[in-house]
């Protein structure tokens, strides 16, 4: 076991301070971070700037939320101004940044218990500075840090590949089925650049329709003519059916917290007695949120039950699951505008059923499916590998940080798990 010290021995800590409201804007100055709503998967996505920053985080700092969603973390990918909801934790030794991240994760429950406040909870400066943590010698610190860093970097790399694959399929969908690029290319006599398969299935003429100009031979139809749309169900009162184990119960938060197109686990379960009042779906099925955060398409990576805040599609004609997934992503901004609700936007089933879409020929859709399906499978493999890596990191990080387990033993487990 390593000796005990405090966090301020390992890092320089800066508590954020909000700049004057008059200095805050949407484009000028230094990017400003106020809290967890601006945090991404690994790095923040600022929406505000300030011309009069007071406290800073530098590139490479660990950003730690001290108010609201206490304990949420990101890495600073550039210099930022930080408001009072964030603390910047800067390693005194760059060979300790991932060790410090693990230390914060290890101490998270303790810090959350220290948080005070009736409406918005917050961590006091002294509680963070004097947080007890393990401090190994330089060699041990470097070794553990490098190992945890290798896991974090692999997870981040996989996520970037996944994000790029998602962007690729979205670009392809828009190019083919929104902008009709292959048809315009053929009209402009450049069909040789398309490739044989694309050239064969896409028409070479644009015609008028009730939705504007579309490729010849394509139709305009409501989704409900091609897809059976049904709603999930909830046993009532739902709290009487919650259980520590049982049937996985998919909530909207399971989708919003997912870093990809899949839902592979749920935070809650319901008793088997509730099955008659809900809808149980098989692994691999496509679902669409219709409340709270509406219009999110997700694939189930487990057998699970869905409540009435979800739509599912027991029968899909003409379309394919990969085409429909991308279609819902493209439709989402339009669907949200059609929704109703003073607090949450709710999408009625009829909104989806009656939504008019351009319907390409089956040959075009099937070609898209043949391209998109391998990408879908690759995204699934990346997600599964990241789940393994996160589980290993969560399982062994605290033991490594406290010196309770040898690094060599953990490395063997990782090699076996990722072989």
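Rule-based calculations on the coordinates, nothing more; no lab input. From a predicted model like this one, the values you see are computed outputs, not experimental measurements. Neighbour counts are summed over all protein chains in view; Cβ atoms, including those assigned to glycine, are modelled from backbone coordinates with ideal geometry.
Here are a few things to note about the model shown:
- For segment 275-419, the calculated P(r), taken from all Cα-Cα distances in 10 Å bins from zero up to the bin holding the longest distance, is 9, 29, 27, 18, 13, 5, 0 percent.
- The three principal axes of the C-alpha atoms in segment 131-172 carry coordinate ranges of 52, 23, 8 Å, sorted with the longest axis first.
- GNM result for the chain, Cα springs below 10 Å: residue of 100, 405, 207 fluctuating most strongly: 207
- Largest first, the three principal axis extents of the alpha carbons in segment 173-236 are 61, 26, 16 Å in whole numbers.
- CD proxy at 222 nm, helix term only [per DSSP H run n ≥ 4: -39500 (n - 2.57); per residue of the chain; nearest 500]: -12000 deg cm²/dmol
- Temperature 20 °C, viscosity 1.002 mPa s: under these conditions the Stokes-Einstein estimate for segment 253-333, based on its Kirkwood radius over C-alpha pairs, is 162 µm² per second.
- Cα centroid separation, segment 270-328 to segment 182-214 (Å): 34 Å
- Relative to the compact-globule estimate of 2.2 N^0.38 Å, the Cα radius of gyration of the chain comes out at 1.15.
- If you wrap the Cα atoms of segment 197-273 in a convex hull and average its projected area over all directions, you get 9.5 nm².
- Three-way shape call for segment 3-135 based on the alpha-carbon gyration tensor, with the a/c threshold at 1.5: prolate
- Relative to its Kirkwood radius, the Cα radius of gyration of segment 47-119 gives an Rg/Rh of 0.99.
- Cα gyration tensor, segment 351-419 - rounded (a/c under 1.5), prolate or oblate: oblate
- Cα long-axis angle, helix 138-177 against the chain (0 to 90 degrees, to the nearest 10): 20 degrees
- 0 to 90° range, to nearest 10: angle between helix 407-417 axis and the chain longest Cα axis: 10 degrees
- Highest-first packing order for the peptide set 322-328, 141-147 is 322-328, 141-147, based on the mean count of other beta carbon atoms within 10 Å.
- Size estimate for segment 219-359 follows the Kirkwood approach: the inverse of mean 1/r over distinct Cα pairs works out to 15.4 Å.
- Nearest-ten-degree value, helix 97-106 long axis tilted from longest Cα axis of the chain: 90 degrees
- For the listed peptides 88-98, 228-238, a ranking on the average number of other beta carbons within 10 Å per residue, highest first, reads 88-98, 228-238.
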